Amino acid sequence: VATVVIAAMTGIADHIDEDLVSLRNSPWGLPMTILIFVLTSFIAAPQFVLFAAAVVAFGPWLGCSYAMAGTLVAAWIHFWMGRIGGADLVRRYGGETVNRLSRFIGRNDFLASLIVRSVPTAPAVVVNMAFGASQANIWRYTAGVFIGSIPKILIVALLGQSVMSAMGGGIALAVGIG
């Protein structure tokens with residue numbers, strides 16, 4: 001059963017942009033984008049690929065908004081999985097060092113959540129569940145996810161627009177002159 005689910009999710013990841021483009025003028029665009037972000041997060045699909053698919057499918061502004069919505073919903077789900085499934089275990093069996101780290105993250109949850117979005121770390125599902133298992137506050141964590149994800153999403157959108165402009169003959173815009 002697990003193999004079938006993984007194969008299905010991998011199949012989703014292979015054709016995300018095509019699937020989303022078909023939803024461009026549909027009221028199902030946002031819910032399906034969120035669903036795709038959540039499902040593919042469990043197979044550690046690269047976020048840049050997901051961001052690019054949303055931007056290609058829905059355009060730069062709507063695509064960025066949909067990518068942010070998908071990112072936030074996936075982050076919340078992962079956070080609560082970590083909180084429900086791991087917080088008590090960390091406190092009980094983590095030992096003094098792990099619990100000290102958990103308290104440190106809890107005191108610095110916004111900044112830690114913001115910074116971890118900008119540096120290569122473990123897959124998002126692992127990072128987000130670790131925040132849930134720590135003593136992080138959900139709202140400060142979410143603010144960190146939101147603000148920390150903005151640069152990545154905008155870079156993908158701007159890079160995508162530059163590539164599309166270059167392919168359409170707008171070389172000056174593509175290299176940042178125009």
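The values are calculated or read from the model by the stated rules, or taken from the named source; none is laboratory data. Everything quoted here is computed from the prediction, not taken from an experiment. FYI the Cβ positions are ideal-geometry reconstructions off the backbone, even for glycines, and counts take in every protein chain you see. In case anyone asks, the SASA skips ligands and DNA or RNA and just uses the protein heavy atoms, side chains included. Shrake-Rupley method; radii C 1.70, N 1.55, O 1.52, S 1.80 Å.
Numbers below:
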read-out: Residue ID - farthest from L20 (Cα to Cα), chosen from residues in region 41-57 that are modelled with pLDDT of 90 or more and of a type in the set (F, W, Y); value: F42
read-out: Evaluation of I84 against (1) closer than 18 Å to P46 by Cβ; (2) of a type outside the set (D, E, K, R); (3) surrounded by fewer than 15 Cβ atoms within 10 Å (Cβ to Cβ) (one fails), failing number; value: (1)
read-out: Test: residue in region 100-110 that is in contact with a helix residue (DSSP H, G or I) (Cβ under 8 Å, 6 or more places away or on another chain), surrounded by 14 or more Cβ atoms within 10 Å (Cβ to Cβ) and at pLDDT 90 or above; value: yes
read-out: Scope region 111-151; condition open to solvent by 70 Å² or more (accessible area, probe 1.4 Å) and outside any loop (DSSP other than H, G, I, E, B); matching residues; value: L111, I115, V126, W139, R140, F146, I147
read-out: Residue within region 21-34 that is aromatic (F, W, Y), under 12 Å from the mean Cα position of the chain (by Cα) and modelled with pLDDT of 75 or more present; value: no
read-out: Region 64-92 residues that are free of Cβ contacts under 8 Å to residues at least 24 places away in the same chain, paired with ones that are in a helix (DSSP H, G or I) and surrounded by fewer than 17 Cβ atoms within 10 Å (Cβ to Cβ) (beta carbon under 7 Å, 6 or more apart); value: R91/N99
read-out: Every residue from region 37-59 that is more than 15 Å from A75 (Cβ to Cβ), open to solvent by less than 30 Å² (accessible area, probe 1.4 Å) and in a helix (DSSP H, G or I); value: A53, A54, V55, A57, F58
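To keep it simple, each residue is scored yes or no on (1) of a type in the set (S, T, N, Q); (2) touching a residue at least 60 places away in the same chain (Cβ under 8 Å).
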site	(1), (2)
F110	no, no
F131	no, no
S134	yes, no
I138	no, yes
G148	no, no
I153	no, yes
